[in-house]
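Novice: One structure, pasted below without further comment.
The values are calculated or read from the model by the stated rules, or taken from the named source; none is laboratory data. Not measured: the values here are computed from a predicted model. Cβ atoms come from the backbone with ideal geometry, glycine included; neighbour counts cover every protein chain shown. Just so you know, the surface numbers come from the protein's heavy atoms only, side chains and all, with ligands and any DNA or RNA stripped out. Shrake-Rupley method; radii C 1.70, N 1.55, O 1.52, S 1.80 Å.
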Amino acid sequence: MARKLPRLQRVLDAPALFSIAYGEIASSIYFALRTIALHALGFPPAVLCAAGLLFLLVSLSYAEGTAAIRETGGAATFVRIAFNDFWGFATGWVLFLDYLIVIALSALFVPHYVAGAFFTKVHRPWDVVIGCGVIAGIAAVRLVHRTRLHRWALVVALVDLATQLLIVVLGFALLFSPDALSAGTSLGTSPTWHSLFFAIPLAMLAYTGLETVANLAEETRRPGRDLPRSLFGAIGLVVVLYVAIAVVALSAFPAEHGTLLGSNWLRAPLVGVAAQIRTQVPAYIGDPLQVFVGLSGALILLTAATTSISGFGRLAYSLGEHGQLPRKFGMLRQRTLVSPQSIVAAAAIAIVLLAGTAALAHPVFFLASLFSFGVLLAFTAAQVAVIKLRFSDPDRRRPYRVPLTVGRVPLPSLVGAVLTFAVWIDAMATHEGARYAGPAWLAVGLVVYAVVRKRRGEGLFEPVLSADEHRGLAEAEFSKILVPMKLGEIGEEMIATAVKLAQDRGASVEALHVIRVPLELPLDAELFDQEERAEESIAEAKLLGADHGVTVEGRTVRARAIGAAIVQEAAEQGADLIVLGSSPRWRRQSRFFSPTVDYVLKKAPSEVLIVAFPQGVLEGDGDAG
């Protein structure tokens, strides 16, 4: 079977994975610190530490899942394989929301970090306008250019690490005060228990990126070994640095009168910390420090938005391949290795989220609470799926296993699932965004899923295999086969091939005869000879189908270009397979296939079967069509 689109390649090694993992996970502190500080007051270090330990616990299950299931899709793939396509889609759909929110928040905070680098500020609504422009710009670049994660990840991770280490070292040397950590705090009063429980789900926003890394399983050279090591190393380093940064931030802005970090430095919290350090050192040190923190923060946020768009595309690719989204989402583009529809959808919805929530009193809180709805559900589902697979597929090869297993149950996965579900209940109880907008988003997704499955003629819970999961043409399933008609022996062989495939699978065949109309004639010009030949070829195809008990529908269309007509007809009729023949004469030339076949391979909405005849056999005057 000819492969019309490229596949993901295994190019990522351990250092690249560690860099990507660290850069992805550590980037969220640039917008999450302020949100947590405003509600946790004097307890951001404790809240971030607790959330980090829970995140590390969850990563154990992700490590086993990605090592055992070497496909893109993350938690959605775990759940689909462990349970069914319906629950896999539901998990993937809530994860879409998390990618979109990271894109929106990263873009929103970029202008504030840039402004902080130049000792000024950006005010509403210009930050939203610039943020929307940032998203549109990233999408435009991504539509024509493929991001080289393995090339740039190390650079960005080093910049991120340098920025955070600089803040921690200088902060502890110049700002650290044990008294400031507890000044004005009284657990249960300042902050109140409600505020503390409100802050706990928000802390999950500080640990984004786990799904992005899990989605790289299909691009990793040795996922069973490299993914777990990279995850654990990156997460451990991030947790330590987060707690240290929170201690420095609290020392710089004590909670005694309500921390200024969550007000004065609302959307550039690390620049705020750098500004406080600047007051303790000479200007020739302090000024460059603030410039560096601001510009590096903007760079890291831009990278986070870009990789989140790519992560959205990888997840959409997985869902599209398995009949959970329209087919086009499951087709990779040659230049960018992501579906253009995915990029446009991610950018458009993220812009709508950013602009649509701008009128709210606290848009960042709303988006953060909405993020907690999706990520906590996905974390819970992923851990339950890992437990389920221990029972339903015990013989599956697992290069990494979650430790501390009782019977077949991995205790960390069980404990982690209970804890993440408990925090999800907390989010639903304390956050209106999670309580109302989250279920609304999920409901929209289920409608989309139902429509897609109905159009495909497949059940909601029915498994759909991707092209890669078909081990060969003999095992592939097709319900409608399109075969462009051609006069001569090659045409006869093509309709015979299509009828045989349809007979074996209970499929139907559409015989398409394209009449190519020259440019100098109108499309409705009188072409009696061509019309007569078309009718004869379709009649012969129907007779052949009847002889083998196969329904053959015939259709004649007029077009300027045969390839475009074939592609359009395949899309309109929902064909699962296009059968084309390749004349030997084209392989004596440099292009190998005719222009018609080349066009169909690049543009077809379905799988394409090319039958290339040997030299000297069926020497026709061209290819199908």
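Novice: Taking only DSSP H segments of four or more residues, each worth -39500 (n - 2.57), what value at 222 nm results for the chain once the sum is divided by all its residues, to the nearest 500 deg cm²/dmol?
Specialist: Only helices count here, giving -20500 deg cm²/dmol.
Novice: In addition: Kindly write out, for segment 82-95 in residue order, the coupling ³J(HN,Hα) from the Karplus curve 6.51 cos²θ - 1.76 cosθ + 1.60 (θ = phi - 60°), rounded to whole Hz, with x marking Gly and Pro.
Specialist: 6, 10, 6, 5, 4, 6, x, 5, 4, 5, x, 5, 5, 6
Novice: Still on this structure: Can you give the accessible area of residue 510 in Å² (nearest 10), computed on protein heavy atoms with a 1.4 Å probe?
Specialist: Counting only protein heavy atoms, residue 510 exposes about 10 Å² to solvent.
Novice: Okay, moving on. Among 75, 59, 511, pick out the residue whose Cα is farthest towards the positive end of the charge dipole of the chain, where Lys and Arg carry +1 and Asp and Glu carry -1 on C-beta, about the Cα centre.
Specialist: The one lying farthest along the dipole's positive direction is 59.
Novice: Still on this structure, please answer the following. Per residue of segment 197-209, in order, report the coupling 6.51 cos²θ - 1.76 cosθ + 1.60 (Karplus, θ = phi - 60°) as ³J(HN,Hα) in whole Hz, putting x for Gly and Pro.
Specialist: Along segment 197-209, the couplings run 5, 5, 6, 4, x, 5, 5, 5, 5, 6, 10, 8, x Hz.
Novice: Amide H to amide H under 5 Å from residue 508: which residues, 5+ apart in sequence or cross-chain, H placed 1.01 Å off N in plane?
Specialist: For residue 508, the qualifying residues are 480, 481.
Novice: Considering only protein heavy atoms, with the full assembly of protein chains and a 1.4 angstrom probe, order 226, 287 by accessible area, largest first.
Specialist: 287, 226
Novice: Starting from 0.36 nm per residue, how many nanometres of slack lie between residue 442 and residue 279 once their C-alpha separation is accounted for?
Specialist: The span from residue 442 to residue 279 would gain 53.9 nm if fully extended.
Novice: Then there's this: To the nearest 10 degrees, how steeply does helix 269-278 sit against the main Cα axis of the chain, on a 0 to 90 scale?
Specialist: That helix lies at roughly 40 degrees to the long axis.
Novice: Amide H neighbours of residue 357 under 5 Å, at least 5 residues apart or on other chains, H built in the peptide plane: list them.
Specialist: The list, which skips near neighbours in sequence, is empty: none.
Novice: Oh, and also: Count the net charge of all other residues whose Cβ sits under 15 Å from the Cβ of residue 39, scoring Lys and Arg as +1 and Asp and Glu as -1.
Specialist: Net of charged neighbours comes to -1.
Novice: With all protein chains present and a 1.4 Å probe, how do 285, 481 order by accessible area, largest first?
Specialist: Sorted by accessible area, descending: 285, 481.
Novice: Could you report the chain's accessible area per residue, 1.4 Å probe, as an integer in Å²?
Specialist: The answer is 40 Å² per residue.
Novice: Ignoring ligands, DNA and RNA, what percent of the accessible area of the chain is carbon or sulfur (1.4 Å)?
Specialist: Looking at the chain in its full context, I get 62 percent from C and S.
Novice: For the chain, please report how many Lys pairs fall under 22 Å Cα to Cα, leaving out neighbours fewer than 8 apart on the same chain.
Specialist: Eligible lysine pairs with Cα atoms under 22 Å apart amount to 19.
Novice: For a quick check: with amide H placed at 1.01 Å from N, whose amide H comes under 5 Å from residue 325's, ignoring anything fewer than 5 positions away on the same chain?
Specialist: Result for residue 325 returns 320.
Novice: With a/c under 1.5 counting as rounded, go ahead and sort segment 485-582 into rounded, prolate or oblate using the C-alpha gyration tensor (a ≥ b ≥ c being the square roots of the eigenvalues; past the cut-off, prolate if a/b is larger than b/c, else oblate).
Specialist: It is prolate, given that a/c is not under 1.5 and a/b is the larger ratio.
Novice: For 387, 81, 245, what's the largest-to-smallest order of accessible area, 1.4 Å probe?
Specialist: 81, 387, 245
Novice: Continuing with this model, one more query. Rolling a 1.4 angstrom probe over the protein chains, ignoring ligands and nucleic acids, what is the accessible area of residue 39 in square angstrom, nearest 10?
Specialist: 40
Novice: With every protein chain left in place, what is the accessible area of residue 328 in Å² (1.4 Å probe, nearest 10)?
Specialist: Answer for residue 328: close to 100 Å² accessible.
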